[in-house]
1. Can you confirm whether B:Arg73 is within 30 Å of A:Leu231 (Cα to Cα) and within 10 Å of another protein chain (Cβ to nearest Cβ)?
2. Determine which single condition B:Ile191 fails, assuming it passes every other condition in (1) within 16 Å of ligand 2 (Cβ to nearest atom); (2) in a strand (DSSP E or B); (3) away from chain A (no Cβ under 14 Å); (4) among the hydrophobic types (A, V, I, L, M, F, W, C).
3. Check off (1) surrounded by 14 or more Cβ atoms within 10 Å (Cβ to Cβ); (2) closer than 17 Å to B:Leu48 by Cα; (3) among the β-branched types (Val, Ile, Thr); (4) within 16 Å of ligand 1 (Cβ to nearest atom) for B:Thr190 and give me the number that stays unchecked.
4. Report yes if some residue within the range B:90-99 is within 10 Å of another protein chain (Cβ to nearest Cβ), over 11 Å from B:Ala148 (Cα atoms) and either part of a strand (DSSP E or B) or within 16 Å of ligand 1 (Cβ to nearest atom) (or both); otherwise report no.
5. Taking the condition of being small (Gly, Ala, Ser) and assigned to a strand (DSSP E or B), how many residues in the range B:35-83 meet it?
6. Restricting to helices (runs of 4 or more DSSP H) lying wholly in the range B:198-237: which have 3 or more residues that are hydrophobic (A, V, I, L, M, F, W, C)?
7. Given the options B:Asp110, B:Asp75, B:Asp119, B:Asp123, name the one that is away from ligand 1 (no atom under 16 Å from the Cβ) and buried (at least 16 other Cβ atoms within 10 Å of the Cβ).
8. Six or more apart or on different chains, Cβ atoms under 9 Å: show the pairs whose first residue is in the range B:164-191 and β-branched (Val, Ile, Thr) and whose second is within 16 Å of ligand 1 (Cβ to nearest atom) and part of a helix (DSSP H, G or I).
Amino acid sequence: MDVFQILLNGIVLGALYACIAIGFSLVWGVLNVINMLHGSFIILGGYLTYFAWHYTGIYPIILLPFVALALFALGYVLQHLFINKVVTAPVLTTLTLTFGLDMILYNLMTVFFTATPRRVTLDLGTLSFGDVYLPIDRLLGMALALVLTALLYLVMRGSRIGRAIVAVRMDRQAAALMGIRVNQVYSITFGIGALMAGAAGAIFAMVFPVTTNLTGVFLGKAFVVCVIGGLGSVPGALVGGLALGLIESVAGYTIGPQNAITVGFLLMLFLLVVRPTGLIGVKGYE
Amino acid sequence: MAKPILEIDGLQAGYGDVQVLWDIGLSVNEGEIACVVGSNGAGKTTLLRTISGLIEPKAGSIVFDGEEIAGARPDEVLTRGIAHVPEGRRLFKGLTVEDNLLLGAYLRRDKSAVRDDMDFVLDLFPILKERRLQDATTMSGGEQQMCAIGRGIMSRPRLLVIDELSLGLAPRLVERLSEALIEINGTGLTILLVEQDVMTAFDVASRAFVIETGRVSMSGETSVLGEDPRVREAYMGI
Ligand SMILES: Nc1ncnc2c1ncn2[C@@H]1O[C@H](COP(=O)(O)OP(=O)(O)OP(=O)(O)O)[C@@H](O)[C@H]1O
Ligand SMILES: [Mg+2]
């Protein structure tokens, strides 16, 4: 296969990985919560998009903002009602809580949607440059993923709520002295994490089939991307996502797709040892 | 007659089962600079934390501008008009000087007035203008203290409480900051200063309260207390 094709596949996959990981990274970095629900949030976003498209025929790109907002609401409510009660507890406590919530959400999804793989088919055709092929739905997915990533970056850097989120992350007592209601910012942050997951799921459903069987896979990817790129920053998630996408693509071609995932995890372990802050070790949420 | 803007009476507070404040009573008059002094662990920081709502008092009252604020949330206290510059500056890492200042104005919606106050702060401490886009926590201690005070002013408070103005700073810088406080006070802002360095505190403040193990042991005009042999011996090393 052409080397450009391998790189292109890696970049497309990497942009999607970045989008998957970014909300997970935000929640982990700001709340110090390892959100076990993240994979299910992604699949829920994918299913909602698929079924809304299937029954109404509305174009999925138009559905995406609504799916994302629905997930924001779900995330906000879960944080507000449950996770805020234990948010200052050690990380194992919140991990257990989100694990329990995830089992509930996962089972509900399996009951309501079944685990049948679903995919929005757009039939947009394929671009070709010589020997290199790029299905247009994938190009679209990559573009959407990058746009969302850029949007989150701008929000974090330039908005009032972005500043408040960073302030809470860095020093919650000092943030309280600024008049910031810390628990409310936690709920909004968790909501944004779910929103990004939902949007990523909507994008995924346009490119690959989604099924509840994938929740663990997505959670694992988010985890690896965070460790590779460095926790708690948009550029970190982007770099980590692209790195993982490229590695899996190259490894998939050279040593076989069944080994590609192992290579990703090996890279994560290697980085944990030599550079625990990730490729982009950051101070603030930038 | 001087009118009190802050009146504290019978205040008790602490951390969990550890009681730190046993019986605090003090008042700050509108327009003055008052100070609270005391040795390490006397409870000065705990007092300020209780005023700004970070700690719930066990008993007693805190009346600000005629309203009871004991037990109110930090954002409610700030809205009423008390800004708290915490011990050790506590600027936000990873954010610029400008962003730190803007966080001081987090609850305000009057954008143009916020701009004016930003200009006021940058004129008061011109070095911050040069450092506007630098990570605030990479500045020197003195510059960080300026930024922390500026951040407090950005909420346009009626009372500014400052914990340990001089902590870890060279005497020349402390003098510079003291002058700035007097200038800020000249705009009509009431200031309550907490200090371990009694000399500095008595230089800028007109009235003082001495705290010992969670109780106010002495209080009065700084000009009088500064001559008191007990104060001179215990806190000024004379
Ligand atoms: N978070 C906390 N939990 C438990 N005890 C605390 C806490 N913070 C302070 N204390 C205790 O409360 C007492 C008063 O502390 P506080 O910080 O109010 O003193 P301070 O007068 O500000 O001292 P310093 O001059 O060193 O700043 C001390 O005995 C301290 O050990
Ligand atoms: Mg103190």
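Only the coordinates and a few stated rules stand behind these numbers; no lab work does. It should be emphasised that the depicted structure is a prediction, and the values quoted were computed from it without experimental measurement. Note that each Cβ is placed from the backbone with ideal geometry, even for glycine, and that neighbours are counted across all protein chains shown.
1. Values: within 30 Å of A:Leu231 (Cα to Cα): no; within 10 Å of another protein chain (Cβ to nearest Cβ): yes.
Judged against the criteria, B:Arg73 is not a match.
2. All conditions are met except number (1).
3. Among (1) surrounded by 14 or more Cβ atoms within 10 Å (Cβ to Cβ); (2) closer than 17 Å to B:Leu48 by Cα; (3) among the β-branched types (Val, Ile, Thr); (4) within 16 Å of ligand 1 (Cβ to nearest atom), the lone unmet condition for B:Thr190 is (4).
4. Yes, the range B:90-99 contains a residue that is within 10 Å of another protein chain (Cβ to nearest Cβ), over 11 Å from B:Ala148 (Cα atoms) and either part of a strand (DSSP E or B) or within 16 Å of ligand 1 (Cβ to nearest atom) (or both).
5. Of all residues in the range B:35-83, those small (Gly, Ala, Ser) come to B:38-39, B:41-43, B:52-53, B:59-61, B:66, B:70-72, B:81, B:83.
Among the residues that remain, those that are also assigned to a strand (DSSP E or B) are: B:59-61, B:83.
So the answer is 4.
6. Output list reads B:198-204.
7. Values: B:Asp110 fails: buried (at least 16 other Cβ atoms within 10 Å of the Cβ); B:Asp119 fails: buried (at least 16 other Cβ atoms within 10 Å of the Cβ); B:Asp123 fails: buried (at least 16 other Cβ atoms within 10 Å of the Cβ).
None of the other options fit; the residue is B:Asp75.
8. Partner pairs satisfying both residue conditions: B:Val174/B:Thr200.
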